[in-house]
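Student: Dropping the structure in here first, questions after.
The values are calculated or read from the model by the stated rules, or taken from the named source; none is laboratory data. Predicted model, so just to flag it, every value in this text is computed and none were measured. So basically every Cβ, Gly included, is an ideal-geometry build from the backbone, and we count neighbours across all protein chains shown. Note: accessible area is taken over every heavy atom of the protein model, side chains too, but ligands, DNA and RNA are not part of it. Shrake-Rupley method; radii C 1.70, N 1.55, O 1.52, S 1.80 Å.
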Amino acid sequence: MSAGVMRLALRDTHAAFGAAFGVRRGWEMPLHYGGPAAEYAALREGAAAFDLSCRSRFMVTGPDAGEVVAAALAGHASEMEEGRAGRFALLDAEGNIADLVLAARTGGAAYLLSGEPERREALAAALAAAVGEGFEVRIDDRTATTCAVGLAGPAAAAAMARHVAEALPGRLGPLHCAAFEFHGFRALAVRASGTGEDGFELVLAPAVASHLLGTLRTAGVALAGWEALETARVEACIPAWAPDLEPGLSPAEADLDVLLGIPGGREGRILSAFLLEGEPVPAGTAIVDAEGRPAGEVRSCVRAAGLKATAGLAIIDAAAAYPGAALRAGDAQLLVAAKPLYRRRTEGSSQRW
């Protein structure tokens, strides 16, 4: 393992299940378990489980916990009720997005914050800076001592009820959270997904998380690796810090200001969805207009199985970022498309993010 690469607590569990590994976003991750196409199909047609432990996890507790969370994050964290969760942004001094955070109010004075894999230190620093003089608050980094397991797909709720906690799906609407027990061990569930499907994110102790994955696998629930998850993320047009946001985007440029209910800041370019002729191209590939003038750059780009096309996200000048605009990325034709590229149409089963 090269210096600086993080390793999952469940690495040996994944290896025993046949995972092929690779380094993604600073972590050694399961890329697939032998069949990326089948894993993607399970995610879109049934249910799939996956490891989200690369994401940061912080518990903020105490009488002033809510004030700290609200001060650190842009959005309406101060209005979040107990048992609810929400998506928020951490902004840097220039007003750019420095992290995307899923926050859950797990108790009257307790919050769990989960951020992007590369931004753990940035979130820790922002929380520490939000602690005022005389505050009664405790901030615990639980990234190394807990695991996060995702379960998503149109059959995720049924799989959760059958194999994990029977009453839980009925208790949780989208972006709700609740504590539960799995085989006698305490855990936390947030009904959220980064795949364009209904889903749950579960926070558990490492040994319990390993048992959970084994239980689901034995029951016939597929395990999904990075390749299937990345395809689903891009199809749902959900930005990731790397490669989408790290060039430094304001909320408006990231196209998240309205979704997150925060001021947009600097404008002029937009993180847009696209369809591309041919095979995927690397992040940073230049985009030009019909006259050959610079118009932006590709960020995420995958072969999107659900669309039977190459698709992705790109930073494009606002004047050329309208759906239907015809541009070029390298030698390939690029067509700007409306977001999201993939959305499940069944009522009640769709969560964009």
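Student: Identify the single condition in (1) touching a strand residue (DSSP E or B) at 6+ places or on another chain (Cβ under 6 Å); (2) open to solvent by 40 Å² or more (accessible area, probe 1.4 Å); (3) in a strand (DSSP E or B) that Q333 does not satisfy, given that it satisfies every other one.
Tutor: (1)
Student: Continuing with the same structure: Are any of the residues in region 130-140 farther than 26 Å from I270 by Cβ, surrounded by fewer than 21 Cβ atoms within 10 Å (Cβ to Cβ), in contact (Cβ under 8 Å) with a residue 40 or more places away in the chain and under 21 Å from the mean Cα position of the chain (by Cα)?
Tutor: Scanning region 130-140, I find no residue that is farther than 26 Å from I270 by Cβ, surrounded by fewer than 21 Cβ atoms within 10 Å (Cβ to Cβ), in contact (Cβ under 8 Å) with a residue 40 or more places away in the chain and under 21 Å from the mean Cα position of the chain (by Cα), so the answer is no.
Student: Consider A165 carefully, then state whether it is at pLDDT 95 or above, in a loop (DSSP other than H, G, I, E, B) and touching a Pro at 6+ places or on another chain (Cβ under 8 Å). Walk me through it before giving the result.
Tutor: Details: at pLDDT 95 or above: yes; in a loop (DSSP other than H, G, I, E, B): yes; touching a Pro at 6+ places or on another chain (Cβ under 8 Å): no.
For A165, the condition - at pLDDT 95 or above, in a loop (DSSP other than H, G, I, E, B) and touching a Pro at 6+ places or on another chain (Cβ under 8 Å) - is not met.
Student: Which one of the conditions (1) at pLDDT 95 or above; (2) open to solvent by 40 Å² or more (accessible area, probe 1.4 Å); (3) over 19 Å from R87 (Cα atoms) does K339 fail to meet, given that it meets all the rest?
Tutor: Failing condition for K339: (3).
Student: Read through the list (1) over 30 Å from L313 (Cα atoms); (2) touching a Phe, Trp or Tyr at 6+ places or on another chain (Cβ under 8 Å); (3) open to solvent by 10 Å² or more (accessible area, probe 1.4 Å); (4) not acidic (D, E), then give the number of the only condition that L223 fails.
Tutor: (1)
Student: Of all residues being more than 19 Å from A321 (Cβ to Cβ) and part of a strand (DSSP E or B) in region 290-308, which is least open to solvent (accessible area, probe 1.4 Å)? Just the residue, please.
Tutor: Our first condition is that a residue be more than 19 Å from A321 (Cβ to Cβ); within region 290-308, this holds for 302-308.
Still in the running and part of a strand (DSSP E or B): 302-304.
Values: V302: 20, R303: 122, A304: 1 Å².
Out of the qualifying residues, it is A304.
Student: Scan region 67-94 for residues that are open to solvent by less than 40 Å² (accessible area, probe 1.4 Å) and either within 17 Å of P239 (Cα to Cα) or under 18 Å from the mean Cα position of the chain (by Cα) (or both) and jot them down.
Tutor: Residues of region 67-94 that are open to solvent by less than 40 Å² (accessible area, probe 1.4 Å), as a first pass: 68-70, 72-75, 77, 80, 83, 85-90.
Residues satisfying the conditions are L73, A74, G75, A85, G86, R87, F88, A89, L90.
Student: Then there is this: So E230 passes all but one of these: (1) open to solvent by 20 Å² or more (accessible area, probe 1.4 Å); (2) in contact with a Cys (Cβ under 9 Å, 6 or more places away or on another chain); (3) not small (G, A, S). Which condition number does it fail?
Tutor: (2)
Student: Further question: Of everything in region 252-267, what is in contact (Cβ under 8 Å) with a residue 40 or more places away in the chain and either hydroxyl-bearing (S, T, Y) or within 28 Å of A309 (Cα to Cα) (or both)? Give them in sequence order.
Tutor: Scanning region 252-267 gives E253, A254, D255, L256, L259.
Student: Can you name every residue in region 5-44 that is outside any helix (DSSP H, G or I), under 21 Å from G194 (Cα atoms) and basic (K, R)?
Tutor: R24, R25
Student: Hey, among the residues in region 263-279 that are open to solvent by 50 Å² or more (accessible area, probe 1.4 Å) and farther than 30 Å from A93 by Cβ, which one's nearest to the chain's Cα centre (by Cα)?
Tutor: If we take residues in region 263-279 being open to solvent by 50 Å² or more (accessible area, probe 1.4 Å) and farther than 30 Å from A93 by Cβ, then L275 is nearest to the chain's Cα centre (by Cα).
Student: With the requirement that a residue be surrounded by 18 or more Cβ atoms within 10 Å (Cβ to Cβ) and either touching a Lys or Arg at 6+ places or on another chain (Cβ under 7 Å) or among the polar types (S, T, N, Q) (or both), what does region 7-58 give you?
Tutor: T13, E28, S53, C54, S56, R57, F58 - these are the residues of region 7-58 that are surrounded by 18 or more Cβ atoms within 10 Å (Cβ to Cβ) and either touching a Lys or Arg at 6+ places or on another chain (Cβ under 7 Å) or among the polar types (S, T, N, Q) (or both).
Student: If you take the residues of region 280-289 that are in a strand (DSSP E or B) and open to solvent by less than 50 Å² (accessible area, probe 1.4 Å), which of them is nearest to I316 (Cα to Cα)? Before the answer, list the steps.
Tutor: Taking region 280-289 first, the residues in a strand (DSSP E or B) are 286-288.
Those left that are additionally open to solvent by less than 50 Å² (accessible area, probe 1.4 Å): 287-288.
Values: I287: 8, V288: 9 Å.
Top of the filtered list is I287.
Student: Let me ask something else. Only one of (1) in a loop (DSSP other than H, G, I, E, B); (2) more than 24 Å from C54 (Cβ to Cβ) is not met by T145, so which one is it?
Tutor: Result: T145 fails condition (2) only.
Student: Here's another thing I want to ask about it. Here are some conditions: (1) touching a Ser or Thr at 6+ places or on another chain (Cβ under 8 Å); (2) of a type in the set (D, E, K, R); (3) surrounded by 22 or more Cβ atoms within 10 Å (Cβ to Cβ). D255 meets all but one. Which one does it not meet?
Tutor: If we test D255 against (1) touching a Ser or Thr at 6+ places or on another chain (Cβ under 8 Å); (2) of a type in the set (D, E, K, R); (3) surrounded by 22 or more Cβ atoms within 10 Å (Cβ to Cβ), just (3) comes out false.
Student: Show me the strands (runs of 3 or more DSSP E) found entirely inside region 173-257 where at least 3 residues are more than 25 Å from S272 (Cβ to Cβ), at pLDDT 95 or above and among the aliphatic types (A, V, I, L, M). Before the answer, list the steps.
Tutor: Working: elements: 177-182, 185-190, 199-204.
In region 173-257, the matching strands (runs of 3 or more DSSP E) lie at 185-190, 199-204.
Student: If you go through region 58-82 one residue at a time, how many are touching a strand residue (DSSP E or B) at 6+ places or on another chain (Cβ under 6 Å), assigned to a loop (DSSP other than H, G, I, E, B) and at pLDDT 95 or above?
Tutor: Residues in region 58-82 being touching a strand residue (DSSP E or B) at 6+ places or on another chain (Cβ under 6 Å), assigned to a loop (DSSP other than H, G, I, E, B) and at pLDDT 95 or above: 4 in total.
Student: So which residues in region 178-193 are surrounded by fewer than 24 Cβ atoms within 10 Å (Cβ to Cβ) and within 19 Å of the chain's Cα centre (by Cα), if there are any at all?
Tutor: Residues of region 178-193 that are surrounded by fewer than 24 Cβ atoms within 10 Å (Cβ to Cβ), as a first pass: 178-188.
Of everything in region 178-193, just one residue is surrounded by fewer than 24 Cβ atoms within 10 Å (Cβ to Cβ) and within 19 Å of the chain's Cα centre (by Cα), namely L188.
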